[in-house]
Amino acid sequence: MSRIGKKPITVPEGVTVTIGKNNVVTAKGPKGELSQPISADMKLTLEDGILTVERPTEQKRHKALHGLYRSLINNLIVGVNEGYKKDLELVGVGYKATNQGNVIEFALGYSHSIFFVVPDDVKVSTLMEKGKNPIITLEGIDKQLVGMVAAKIKTLRKTEPYKGKGIRFVGEQIRRKAGKTAAKK
C-alpha cells in the first residue's frame, strides 16, 4: 500500500498543470516550466486544482511506481512555484570558494585549484565572511538537478571523521571518531 501515492496534490494559484499526450505532465509557474513523463499505466486526474495519481492494479510494480510518480509530480509543482535551495559549507583551514557566473573555483587544500562548472538551470552564489566558513548556495527549480550538483560538489572534498574537515551541507551532523591514544604500559 503506497501511502504517499494516495495523497492528493493541491495545485497552488499561479501554477498551471497540463497532462499531455503520452502521459507527460507539464507544470508552469512563476519560476519557470518543467515536464515529467509518467508511465502509461498510471491514471492522472485533475479536478478543481487537485491532482490525483491512481494505479491500475495491485501489482508490486504498480505499487512502487504509484508513490514515485506522485512524488515526482509534487516536486515539479513545488519547484515551479517556490524553487529549491541547498547550502553547502567548506570546513577547513584555507578552504575557499569563489564564483564567476556559473563557474566555481575551489581551494580545498590540494596543490591546485578546482574549477567546477554548474549547469545553467542552477543559480550559484558564494559567501565568504571573515571568521566564518565559506558558504555555497545553489538555487533552482529542478529538485533532482540541484541535489545532484550539491552531491557532486561534496565529492570534491569528502568530510573526514577525525577533524570534520571537508564540504558538508549547512547544519549536517558528522559522526566523529576518537583519534589515536598513547599506549598503556
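The values are calculated or read from the model by the stated rules, or taken from the named source; none is laboratory data. The shown structure was predicted, so the numbers you read here are calculated from the model rather than taken from an experiment. Positions of Cβ are generated from backbone atoms using ideal geometry, with glycine treated the same way; all protein chains shown enter the neighbour counts. With ligands, DNA and RNA removed, areas are computed over all heavy atoms of the protein, side chains included. Shrake-Rupley method; radii C 1.70, N 1.55, O 1.52, S 1.80 Å.
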- For the stretch 101-179 and the stretch 1-49, what is the separation of their C-alpha centers, rounded to whole Å? 32
- Item | Per residue, in Å², the accessible surface of the stretch 5-80 once ligands and nucleic acids are set aside, probe 1.4 Å | 57
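Taking a probe of 1.4 Å, how large is the accessible area per residue of the stretch 95-144, in Å²?
On a per-residue basis, the stretch 95-144 sits at 63 Å².
Out of all DSSP beta bridges with both ends in the chain, state the antiparallel percent to the nearest 5.
Looking only at bridges with both residues in the chain, the antiparallel portion is about 100 percent.
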- Item | Lys/Arg +1, Asp/Glu -1 at C-beta; the stretch 96-185 dipole; positive extreme among Ile104, Pro161, Asn133 | Pro161
- Note on the structure: Cα gyration tensor of the stretch 13-70 diagonalised, 5x eigenvalues square-rooted, in angstrom largest first, produces semi-axes 23, 12, 10
- Message: Angle check, please: helix 60-81 long axis (alpha carbons) against the longest principal axis of the chain (alpha carbons), in degrees 0 to 90, nearest 10.
- Response: 70
- Query: Which distance in nm do the two modelled labels at Glu129 and Glu58 give, with both placed 7 Å along the Cα-to-Cβ direction?
  - Reply: 5.6
- To the nearest 10 degrees, how steep is helix 143-154 against the longest Cα principal axis of the chain, on a 0 to 90 scale? 10
- Query: Between Val170 and Lys96, what length comes free when the chain is fully extended (0.36 nm per residue of separation minus the Cα-Cα distance, one decimal in nm)?
  - Reply: 25.1 nm
- Would you mind checking the pairs Lys7/Lys86; Lys7/Lys28; Lys60/Lys143; Lys31/Lys130; Lys96/Lys180; Lys63/Lys152 and listing those with alpha carbons more than 23 angstrom apart? Lys7/Lys86; Lys60/Lys143; Lys31/Lys130; Lys96/Lys180; Lys63/Lys152
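Given a 1.4 Å probe and every protein chain left where it sits, what share in percent of the accessible area of the stretch 89-164 is carbon and sulfur? Show your work: numbers first, answer last.
Values: 2460 of 4550 Å².
Result for the stretch 89-164: 54 percent of the exposed heavy-atom area is carbon or sulfur.
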- Are there GluC sites (Glu not before Pro) in the stretch 1-102 that DSSP puts in a loop and that have at most 16 other Cβ atoms within 10 Å, and which ones? Glu13, Glu58, Glu82
- Stretch Thr18-Lys6 to full length: gain in nm at 0.36 nm per residue minus the Cα-Cα span? 2.3 nm
- Message: If each DSSP helix of 4+ residues adds -39,500 (n - 2.57) and the sum is divided by the residues in the chain, what number results at 222 nm, nearest 500 deg cm²/dmol?
- Response: -6500 deg cm²/dmol
